[in-house]
Amino acid sequence: MHMLSQNGQPLDAVRAAFTYLEKHPNDDTMLENMKIYKRIPEVTDDEIISLEPVVHQDHYFAGAKLYEKGYWTEAIEEIELALKEYYKAYAKCQMLCEEQAERNQILGKGGLFGVHVSVIECRSKCPNHLRTVRGFMVPDYLARHYNYLQLSYFKCEYFRF
């Protein structure tokens with residue numbers, strides 16, 4: 001039984017399903033539910049949004065759309081915001097790794113060395129975590145930011161003459 005029949009709110013149900021699928025893209029039941037929701041006339045693709053938006057990804061995709069439309073100055077603004085938010089999220093991810101180690105203050109077989117190794121292992125996963133979009137890892141996610149930024153700067157200068 002899918003969520004729509006439980007609460008009668010198709011938009012709420014599709015948003016909840018979409019948000020869940022961002023973290024669990026291979027859940028067959030939820031994928032089936034999404035197919036059902038997309039057939040409902042009052043649910044449009046524009047209304048299917050995450051209930052847990054990722055700010056740096058939102059700015060990145062907004063910047064990419066603006067770039068594709070030829071709005072390079074606006075694309076620069078969005079991509080720069082995306083980069084600022086990305087690095088904030090990166091710092092937060094690293095901090096959470098340290099906090100997790102502090103909460104688990106149990107020194108295992110490796111003692112203090114083991115704690116440091118676990119923090120380093122956790123931190124090394126941060127870039128992959130941040131480049132995961134809707135459950136899928138985007139290759140060269142951070143590099144794409146700089147690519148759009150560089151090309152937008154170039155096009156702004158090139159077309160200024």
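The values are calculated or read from the model by the stated rules, or taken from the named source; none is laboratory data. What you see is a predicted model; the values in this text were computed from it and never measured. Cβ placement follows ideal geometry from the backbone for every residue including glycine, while neighbour counts extend to all protein chains displayed. Accessible surface is based on the protein model in full, side chains and every heavy atom, while ligands, DNA and RNA are left aside. Shrake-Rupley method; radii C 1.70, N 1.55, O 1.52, S 1.80 Å.
Have a look at L51, L31, L83 and point out the one that is free of Cβ contacts under 8 Å to residues at least 40 places away in the same chain and part of a helix (DSSP H, G or I).
On the way: L51 fails: part of a helix (DSSP H, G or I); L83 fails: free of Cβ contacts under 8 Å to residues at least 40 places away in the same chain.
Just one listed residue meets the conditions, L31.
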Among residues of segment 29-53, those that are open to solvent by 60 Å² or more (accessible area, probe 1.4 Å) and among the hydroxyl-bearing types (S, T, Y), counted: 2
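Given the criterion at pLDDT 90 or above and in a helix (DSSP H, G or I), identify the matching residue among Q94, Q6, Q100. I'd like the intermediate steps shown before the answer.
Working: Q6 fails: at pLDDT 90 or above; Q100 fails: at pLDDT 90 or above.
The match here is Q94.
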Residue in segment 28-43 that is of a type outside the set (K, R) and in contact with a Ser or Thr (Cβ under 6 Å, 6 or more places away or on another chain) present: no
Selected residue [at pLDDT 90 or above and outside any helix (DSSP H, G or I)] from G70, G63: G70
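Residue-wise test of (1) closer than 17 Å to V133 by Cβ; (2) part of a loop (DSSP other than H, G, I, E, B).
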site: L11; (1), (2): no, no
site: N26; (1), (2): yes, yes
site: K35; (1), (2): no, no
site: V43; (1), (2): no, yes
